[in-house]
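Below you'll find the structure, written out as structure tokens, and then a few comments.
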Amino acid sequence: MMNLSEDEVKQLERFRFSKKRMISPLSIRLDQLHDERELAIYLQLVQQKIGARNQVVSASIFMKRYSFFIAIVLYAMSVWNKRLPLPFQQIWMETDNDSTLWIPTFHFELLTYTTVSENRDKWRMQTLQHLFAEHVALLIEQLRKITNISPLILWENIAVYVIWLYETLLKENQFSDVRDQIYDDFLFVVQKAEGKLFGPYSENPLYRFWKGESRTRRTTCCLFYQTAKQDHCRTCPIR
């Protein structure tokens with residue numbers, strides 16, 4: 001285990017990474033989100049915070065915000081060849097009570113990482129499996145059980161941010177020396193990776209939402225217009 005540098009921490013902050021803890025009813029440790037009762041209570045708090053019409057809306061917006069955590073892990077993997085530690089009992093989703101918007105940050109108690117110590121393709125598969133199959137898929141199933149939300153909405157919420165992350169990195173000159181690796185990871189995550197790396201799926205759940213450069217509209221609606229903002233996303237399919 002080695003420690004992240006100050007510069008690396010700074011880079012992750014663009015994806016809502018934070019070194020600060022915040023005292024708030026909407027600050028929660030990630031492993032607690034796997035508990036159905038804890039998650040149900042949390043969704044009620046989210047509903048109140050964002051003025052959501054119901055808990056289906058809360059679940060959708062929750063997953064949109066949670067996708068920044070996914071971006072943090074994938075950024076470290078693709079740009080630095082580093083795997084952040086994912087003991088979910090040591091990572092917090094934090095909320096600033098003074099902010100009118102609900103845009104949480106993610107606090108890692110351990111600012112450490114490991115590097116590729118074997119075949120990178122195998123290492124990449126293990127990283128995705130730990131992140132998605134052993135965490136995100138369980139969270140999606142809990143959200144479905146509690147609210148009856150379609151998992152398709154939740155997976156598209158994730159896909160939007162994953163695609164945005166990689167498309168952003170590919171356009172930035174500072175990553176030119178690792179652009180081929182970033183592009184290869186991009187195609188693997190959204191297209192080539194087997195479904196089992198994401199959970200109990202026969203196919204990659206992100207692939208159906210990958211429409212290449214011609215992507216103009218979402219397939220599903222994230223329901224953001226059913227919050228206090230009452231606004232539609234730019235790519236909303238029902239706009």
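See the values below:
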quantity	calculated
Filtered residues of region 61-87 (kept if open to solvent by 10 Å² or more (accessible area, probe 1.4 Å), part of a helix (DSSP H, G or I) and either more than 17 Å from Ala137 (Cα to Cα) or of a type in the set (S, T, N, Q) (or both))	Val79, Trp80
Count of residues meeting criterion [surrounded by 16 or more Cβ atoms within 10 Å (Cβ to Cβ) and touching a Ser or Thr at 6+ places or on another chain (Cβ under 9 Å)] in region 25-39	3
Any hit, region 3-18, residues being in contact with a Leu (Cβ under 6 Å, 6 or more places away or on another chain), surrounded by fewer than 15 Cβ atoms within 10 Å (Cβ to Cβ), closer than 22 Å to Val116 by Cα and in contact (Cβ under 8 Å) with a residue 60 or more places away in the chain	yes
Contacts under 9 angstrom Cβ, first residue in region 131-147 being under 12 Å from Leu197 (Cβ atoms), partner among the charged types (D, E, K, R), 6 or more apart	Ala133/Lys196
Any hit, region 183-191, residues being within 16 Å of Tyr161 (Cα to Cα), at pLDDT 90 or above, among the charged types (D, E, K, R) and open to solvent by less than 70 Å² (accessible area, probe 1.4 Å)	yes
Residues that are in a helix (DSSP H, G or I) and either within 12 Å of Trp102 (Cα to Cα) or among the acidic types (Asp, Glu) (or both), drawn from region 35-53	Glu36, Glu38, Leu45, Val46, Gln47, Gln48, Lys49, Ile50
Residue match in region 43-60 (condition: farther than 19 Å from Leu84 by Cα, among the polar types (S, T, N, Q) and open to solvent by less than 20 Å² (accessible area, probe 1.4 Å))	yes
Total residues in region 165-182, condition in contact (Cβ under 8 Å) with a residue 12 or more places away in the chain and either open to solvent by 70 Å² or more (accessible area, probe 1.4 Å) or of a type in the set (A, V, I, L, M) (or both)	5
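Yes or no, residue by residue, for (1) among the hydroxyl-bearing types (Ser, Thr, Tyr); (2) over 20 Å from Leu197 (Cα atoms); (3) in contact with a helix residue (DSSP H, G or I) (Cβ under 8 Å, 6 or more places away or on another chain):
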{"site": "Tyr42", "(1), (2), (3)": "yes, yes, yes"}
{"site": "Lys49", "(1), (2), (3)": "no, yes, no"}
{"site": "Gln55", "(1), (2), (3)": "no, yes, yes"}
{"site": "Tyr75", "(1), (2), (3)": "yes, no, yes"}
{"site": "Trp80", "(1), (2), (3)": "no, yes, yes"}
{"site": "Leu101", "(1), (2), (3)": "no, yes, no"}
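The values are calculated or read from the model by the stated rules, or taken from the named source; none is laboratory data. All values derive from a computational prediction rather than experimental measurement. Neighbour counts run over all protein chains shown; Cβ positions are idealised from the backbone, glycine included. Please note that ligands, DNA and RNA were not included when accessible areas were found on the heavy atoms of the full protein model with its side chains. Shrake-Rupley method; radii C 1.70, N 1.55, O 1.52, S 1.80 Å.
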